[in-house]
Each structure stands twice: as structure tokens, then as C-alpha cells.
1. Could you give the length gained by full extension between PHE29 and ILE55, i.e. 0.36 nm per residue of separation minus their alpha carbon distance, to one decimal place?
2. Once label points are set 7 Å from the Cα along Cα→Cβ at both ASN79 and LYS97, what is their separation, rounded to one decimal in nm?
3. Can you put ARG92, ARG98 in order of accessible area, largest first, using a 1.4 Å probe?
4. For ASP66 and LYS41 in one chain, what is 0.36 nm times their gap in residues minus the Cα-Cα distance, to one decimal in nm?
5. Quantify, in whole percent, the carbon and sulfur part of the accessible surface of segment 42-105 (1.4 Å probe; protein heavy atoms only).
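The values are calculated or read from the model by the stated rules, or taken from the named source; none is laboratory data. Since this is a predicted model, take the numbers as computed values, not measurements. Virtual Cβ from ideal backbone geometry, glycine too; neighbours counted across all protein chains shown. For the accessible areas, the whole protein counts, side chains as well, though only heavy atoms, and no ligand, DNA or RNA atoms are used. Shrake-Rupley method; radii C 1.70, N 1.55, O 1.52, S 1.80 Å.
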Amino acid sequence: MNRSFHKSQTLRFYDCSAVEVKSKFGAEFRRFSLDRQKPGKFEDFYKLVVHTHHISNTEVTIGYADVHGDLLPINNDDNFCKAVSSANPLLRVFIQKRGIQLFVS
């Protein structure tokens, strides 16, 4: 655990193109990083989040907290890229099982 903390700190301070991601599913948090310039596609991000949280057999909804603290969905390539580009310095991701309301209209 200590090693990943130092690695995360190194990415944040020395690699400006890295975005640190903190994802939460229930009471569990996971951290990883993405390349800000080449974040990839939403489908790949979805698979990474599901794999990282060991919830491969669960349908989930993914959202993030924007700079104002509003919860916004991540469900396609456009809003995934918007989430990554607006992360400063941390992208806070929230995962909920499908069928449970995460976003209030």
C-alpha cells in the first residue's frame, strides 16, 4: 500500500499528463491513473473500473464529481473525455449497481 502511494505521488508531481483517479464502490476505494492526453474510450474505462473493483458480474453505473461537486454520469466517450480533462488534480469516480439511483434529476 505504501508503494502505490509513493507511485501515485510521483505521477501527480512529475507527470503533468497523468490524471489520478479515485473510484468508490460501496465502502471500497481504489486508485489508479490515466493519461490526460490519451484517456482512451469509455468502454475500456468501464472494463478497467469493473476489473479494479472485482465486480465483473455486476451491471454498474459510473459517475464523477465535477469541479463544483455536482455528480455527473460517465456513460459515453464524450462525457468520459470531459471528466478526464476537467479533473484537477483528482478525478473522483462513483460506482453504483444499476437500478440504484445515483443522479438526481
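1. Details: separation 26, 0.36 × 26 = 9.36 nm, distance 1.31 nm.
Roughly 8.1 nm would be gained on extension.
2. Distance between the two pseudo-spin positions: 2.2 nm.
3. Numbers: ARG92 115, ARG98 135 Å².
Of ARG92, ARG98, the descending order of accessible area is ARG98, ARG92.
4. Numbers: separation 25, 0.36 × 25 = 9.00 nm, distance 1.91 nm.
Gain in length upon complete extension: 7.1 nm.
5. Details: 1970 of 3970 Å².
Of all accessible area on segment 42-105, carbon and sulfur atoms account for 50 percent.
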